[in-house]
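The values are calculated or read from the model by the stated rules, or taken from the named source; none is laboratory data. Note that the coordinates shown come from a computational prediction; the quantities given were computed from them, not determined experimentally. Heads up, the Cβs are rebuilt from the backbone with ideal geometry, glycines too, and the neighbour counts pull from every protein chain shown. Protein only, heavy atoms only, side chains kept; ligands, DNA and RNA dropped before computing areas. Shrake-Rupley method; radii C 1.70, N 1.55, O 1.52, S 1.80 Å.
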Amino acid sequence: MDNIILIGFMGAGKTTVGRLLAEKNNMTHMDFDDKIEEMTGCTIQEIFNEHGEAAFRQLEHEFLRDFSLNNHVVSTGGGIVLMKKNREILKKMPPVVYLKADPDIFIDRLKQDKTTIRPLVATKAPAEVKDVYLPRVKYYEESATFSVDTSSLSPEEVTAAILEKIKKLGL
Ligand code: S3P
C-alpha cells in the first residue's frame, strides 16, 4: 500500500486521525514532528526558541524529502506546505489528504489541547491565529489530492471518509 499523507492546519486532527487510519488500514503511523524531536533530542518549542523557525522548516523539509518508506500514514506539521519545494514533493505523493476545519473549530481545539506546545500560536489571540491560517489555505488546496472537512465529524468518521474517497478514486 502507498502512504497516506495528512496535511492541514494545527488542530485539524492530523495526529488523531493518522493514528486511527493506520490502525484501521493495517499501516504504520508516523508523525513528522515526533520524528524531528526524536532525531534532534529537542522539543519543537526548543528548536523554535533556540534555532528559529527557519531551522525547523529546514529539518521538516529534509524529513519530507528523504521519506522513502511504504505503508505509512504520515501526519505532517501544519506548516509543511509553506515551502514551495515541499508542495512540489507532496504533489508527487498521492494520496495527500487535506484535513480542513472551520477556523473557529481548530482555534477551540488548540485551546483545549494542553499537551502540545505550538510556538506559532501559543501566545496568539484567535484573530491572530486566523492570520496565520488564511495565507496557507491556498497551499493546502494546491498540495492535496483531496480534502475532507473535519468540522462536524468525529475522528472515526473522518477516517471512514478518507478510506472511502481513496477507494472511490482508485488510489
Ligand atoms: C506548525 C505546526 C505544528 C509544528 C510546529 C509548526 C505550523 O504541527 O510542526 O509547531 O507551522 O503550523 P501540528 O500541525 O501537528 O500542530
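Figures for the structure shown
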| read-out | value |
| --- | --- |
| Those residues of the range 9-60 which are without any contact (Cβ under 8 Å) to a residue 60 or more places away in the chain and among the hydroxyl-bearing types (Ser, Thr, Tyr), in sequence order | Thr28, Thr40 |
| Residue list for the range 123-133, restricted to those being more than 11 Å from Ile107 (Cα to Cα) and either touching a Phe, Trp or Tyr at 6+ places or on another chain (Cβ under 6 Å) or of a type outside the set (Asp, Glu) (or both) | Thr123, Val132 |
| Any pair with Cβ under 7 angstrom, 6 or more apart, that starts in the range 66-77 at a residue that is closer than 13 Å to Ile36 by Cα and ends at one that is within 11 Å of the ligand (Cβ to nearest atom) and open to solvent by 30 Å² or more (accessible area, probe 1.4 Å) | Ser75/Thr15; Gly77/Asp33 |
| Failed criterion for Ala127 (all others in (1) free of Cβ contacts under 8 Å to residues at least 24 places away in the same chain; (2) within 23 Å of Asn25 (Cα to Cα) hold) | (2) |
| Selected residue (criterion: nearest to the ligand (Cβ to nearest atom)) from residues of the range 115-136 that are open to solvent by 50 Å² or more (accessible area, probe 1.4 Å) and among the basic types (Lys, Arg) | Arg118 |
| Segments classed as strands (runs of 3 or more DSSP E), wholly inside the range 1-114, with at least 1 members that are among the small types (Gly, Ala, Ser), in contact with a Gly (Cβ under 9 Å, 6 or more places away or on another chain) and buried (at least 16 other Cβ atoms within 10 Å of the Cβ) | 72-75 |
| Index of the failed condition, Val158 passing every other in (1) closer than 19 Å to Met27 by Cβ; (2) part of a helix (DSSP H, G or I); (3) open to solvent by 30 Å² or more (accessible area, probe 1.4 Å) | (3) |
| Filter pass, Ala127 being assigned to a loop (DSSP other than H, G, I, E, B) and of a type in the set (Gly, Ala, Ser) | no |
| Top-ranked residue of the range 130-153 - restricted to ones that are part of a helix (DSSP H, G or I) and touching a Gly at 6+ places or on another chain (Cβ under 8 Å), ranked as nearest to Lys92 (Cα to Cα) | Tyr140 |
